[in-house]
Amino acid sequence: MGRIMEMKERYEKIAIPEELHVRVQQEIMKSRRQQEEKNKTEETENTAQVTNGYEDNFAVDSKRFC
Amino acid sequence: MERCVPAVKEILYERLIQFILENQDRFYRVAYSYTKHQEDALDAVQSAVCKALEAHKSIKNTDAIKTWFYRILINECLIIIKKRRKETFTADMMEREVMYFEKGYEQGDDIEKVLDMLDMDVQGIIKLGYFEDMSLKEISGITGLNLNTVKTKLYRGLKLIKEKVQEADLWVE
């Protein structure tokens with residue numbers, strides 16, 4: 001088991017390239033941008049649905065009074 | 001109630017990002033231990049991060065993030081290894097295996113060579129268990145193997161390593 005522990009020590013010493021952090025950061029930024037766009041689209045769709053709903057109700061109410 | 005669901009998803013998304021940022025070095029080590037190649041390991045981590053962020057909505061709770069992410073990462077490593085094997089599985093690999101049994105090879109990395117000769121799933125179990133200090137339950141969640149299968153594979157793998165290393169020691173003596 002001692003040898004496996006020695007191997008673990010070597011494993012923990014594996015050098016981390018700087019590029020790793022750059023690449024991970026890039027992916028996170030890309031994902032955040034996509035999320036923001038998605039949220040904006042959803043918000044616009046929701047607003048449109050609500051507005052359409054008001055308009056429909058208004059049309060029904062108007063008919064009632066006519 | 002309907003408003004609560006997107007809020008939870010947003011929290012899980014932020015937790016996932018936090019988990020990735022805090023553990024990226026560990027991901028790289030795992031990926032490197034599988035691929036044994038810097039560029040491949042970087043590709044595996046990047047691809048895993050990308051896929052995890054794209055699929056973040058499938059996370060059920062924060063406790064599941066670790067197992068879920070490692071499963072994606074290991075999958076990416078295996079895809080890269082398969083791809084590379086197709087390209088380079090030739091006499092070079094065979095030569096390496098023969099060299100292992102030759103007299104007087106370097107003692108320092110013999111155990112690594114033995115580990116590399118094991119099946120990929122056994123290698124993975126040993127690496128996650130001993131290098132990443134994961135529990136058998138976590139390993140079972142990551143590999144998708146039954147807990148008892150994980151135990152059996154782990155003990156068989158360790159036994160095999162022990163036998164091969166002893167065998168190698170005899171050669172050196």
Out of the range B:54-76, which residues are within 21 Å of residue A:17 (Cβ to Cβ), within 14 Å of chain A (Cβ to nearest Cβ) and not aromatic (Phe, Trp, Tyr)? B:72, B:73, B:76
Quick check on the range A:23-34. Is at least one of its residues closer than 30 Å to residue B:155 by Cβ and modelled with pLDDT of 75 or more? no
Among the residues of the range B:122-150, write down those that are part of a helix (DSSP H, G or I) and of a type in the set (A, V, I, L, M, F, W, C). B:122, B:125, B:126, B:128, B:131, B:136, B:139, B:142, B:147, B:150
Write out, first by first residue and then by second, each pair whose Cβ atoms fall under 8 Å of each other, whose residues are 6+ apart or on separate chains, and whose first residue, in the range B:41-54, is touching a residue at least 24 places away in the same chain (Cβ under 8 Å) and on the phi > 0 side of the Ramachandran plot while the second is surrounded by fewer than 24 Cβ atoms within 10 Å (Cβ to Cβ) and hydrophobic (A, V, I, L, M, F, W, C). none
Scan the range A:2-17 and tell me whether some residue there is more than 30 Å from residue B:113 (Cβ to Cβ) and more than 7 Å from every other protein chain (Cβ to nearest Cβ). no
Would you be able to tell me the number of residues in the range B:38-76 that are among the hydroxyl-bearing types (Ser, Thr, Tyr) and buried (at least 20 other Cβ atoms within 10 Å of the Cβ)? 2
Could you count how many residues in the range A:20-44 are closer than 29 Å to residue B:26 by Cβ and either touching a residue at least 24 places away in the same chain (Cβ under 8 Å) or exposed (fewer than 13 other Cβ atoms within 10 Å of the Cβ) (or both)? 5
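The values are calculated or read from the model by the stated rules, or taken from the named source; none is laboratory data. Keep in mind the model is a prediction, meaning the values are calculated, not measured. Cβ: placed from backbone, ideal geometry, glycine included. Neighbour counts: every protein chain shown.
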